[in-house]
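J.: Below you will find the structure I want to go over with you.
The numbers here are math on the coordinates, done by the rules we state, and not lab data. What you are looking at is a predicted structure, and each value in this text was computed from that prediction instead of being measured. All Cβ positions, glycine included, derive from the backbone under ideal geometry; neighbour counts span all protein chains shown.
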Amino acid sequence: MDRVKTALFDILRPGITGMCVLDLFAGSGSVGIEALSQGAEHCTFIDLGRKAIATIEKNLKTTGFSGQAEVLQTSALEYLEKTGKTFDLIYVAPPQYKDLWVRAMLILAARPELLRTPSPENDRAQDPGLAIVQIDPKEYENQDFGDLREVRQKCYGNTLLVFFERERSDEV
């Protein structure tokens, strides 16, 4: 996992500063905390497990990032269905072989406004929001996620990262 996380942040590093991140199925919170350590402005951590939430809160306190975080013990899918927030990066790393990544991406496809869209008023005018899915390569199947298009894949052993961007709707 450390190799995957290092590679992920090597890809994200040029644009992570100031990002608002959503870490779904957060586990220990290591991806979101790394994002904060690399300059993300805020991270929302979502996990259903009580022990995971306690671990995330402990890790945030230890690293000093509690003030830049929101930690919620809730269903990731319910959160996606109900939140009114917009994120620069949504990281989806569900338990394996439960088809949860597809369900999460289908909700995002139905609610693309959860990912920031490029606009002239936005500091990141050229960078659309990203959703990144972390799964076992055997779980991958090509899917139509509407305005979210797959732009990249990176495989590291038994971990596949699949990158999705929100389509630019008002290109001139």
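J.: Quick one: which of 19-28, 135-144, 95-104 comes out on top by average Cβ neighbours within 10 Å, and what's the full order, highest first?
T.: Top to bottom by mean Cβ count within 10 Å: 19-28, 95-104, 135-144.
J.: Mind checking the dipole of the chain: about its Cα centre, +1 per Lys or Arg Cβ, -1 per Asp or Glu Cβ, Debye to the nearest 20?
T.: Here the chain has a charge dipole of around 600 debye.
J.: Which net charge results for the neighbourhood of GLU81, defined as the other residues with beta-carbon distances under 15 angstrom from its beta-carbon, given Lys and Arg at +1 and Asp and Glu at -1?
T.: +2
J.: Tell me what the chain gives for mean residue ellipticity at 222 nm when only DSSP H runs of n ≥ 4 count, each as -39,500 (n - 2.57), the sum divided by the residue total, rounded to 500 deg cm²/dmol.
T.: So the helix-based figure for the chain works out to -9000 deg cm²/dmol.
J.: Largest first and in whole Å, what are the equivalent-ellipsoid semi-axes of the chain based on the Cα gyration tensor, each being the root of 5 times an eigenvalue?
T.: 22, 19, 16
J.: Between beta-carbons, use under 13 Å as the cut-off and find the net charge around LEU100, counting Lys and Arg +1, Asp and Glu -1.
T.: Net local charge, LEU100 excluded: -3.
J.: Also, I was wondering about something else. Equivalent-ellipsoid semi-axes (√(5λ), Cα gyration tensor) for segment 75-117, whole Å, largest first?
T.: Those come to 18, 10, 9 Å.
J.: So which DSSP H runs in the chain come out at 18 Å plus along the axis (Cα) with average Kyte-Doolittle of at least -1.0?
T.: 50-63
J.: Given the pairs LYS61/LYS98; LYS5/LYS51; LYS5/LYS61; LYS51/LYS85, which are separated by over 28 angstrom at their Cα positions?
T.: Where the Cα-Cα span goes over 28 Å, the pairs concerned are LYS61/LYS98.
J.: Same structure, new question: Near GLU34, within a Cβ-to-Cβ distance under 11 Å, what is the net charge of the other residues, with Lys and Arg +1 and Asp and Glu -1?
T.: 0
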